[in-house]
Amino acid sequence: MLNISCTYCRSPINVGDGELALIVQAAEGKHPKSAPVTCPNCRKTNKVPFKRLEQAYKLAGSPLPPEEEPVEEAEPAAEESTEPAATEA
Ligand SMILES: [Zn+2]
């Protein structure tokens with residue numbers, strides 16, 4: 001996560017880890033000077049130095065939050081022998 005403040009309205013802008021990952025991954029290994037971050041308050045686009053974003057992205061550790069895998073419970077199939085009793089008339 002990266003905390004910056006809007007250059008237009010001075011509002012704090014939080015760039016979440018997921019967003020950082022998107023920005024850095026969108027650059028595809030290139031190193032642009034800056035990346036656009038939209039202020040949620042005034043909707044203006046702030047140009048944030050790419051280095052700052054990349055640094056925060058690296059500090060975040062994992063590129064993307066790991067998806068939780070559903071735990072499959074191995075339930076043994078209960079086989080019931082429902083064979084009809086052989087009754088001879
Ligand atoms: Zn703003």
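Once the other residues with Cβ under 14 Å from the Cβ of C9 are scored (Lys, Arg +1; Asp, Glu -1), what is the net sum?
Once positives and negatives cancel, what remains is +3.
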Open item on the list: Charges at C-beta only: +1 for Lys and Arg, -1 for Asp and Glu. How large is the resulting dipole of region 2-59 about its Cα centre, in Debye rounded to 20?
Closed with: 300
Open item on the list: Can you give the local net charge around A60? Use residues other than it whose beta-carbon is closer than 11 angstrom to its beta-carbon, Lys and Arg +1, Asp and Glu -1.
Closed with: -2
Open item on the list: Calculate log10 I(q)/I(0) of region 2-59 for q = 0.14 Å⁻¹, where I(q) comes from the Debye formula with a single equal point scatterer on each Cα and nothing for solvent.
Closed with: -0.33
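Rule-based calculations on the coordinates, nothing more; no lab input. Note that this is a predicted model, so its numbers are computed, not measured. Quick reminder, even Gly has a Cβ in these numbers, built from the backbone with ideal geometry, and neighbours come from all protein chains shown.
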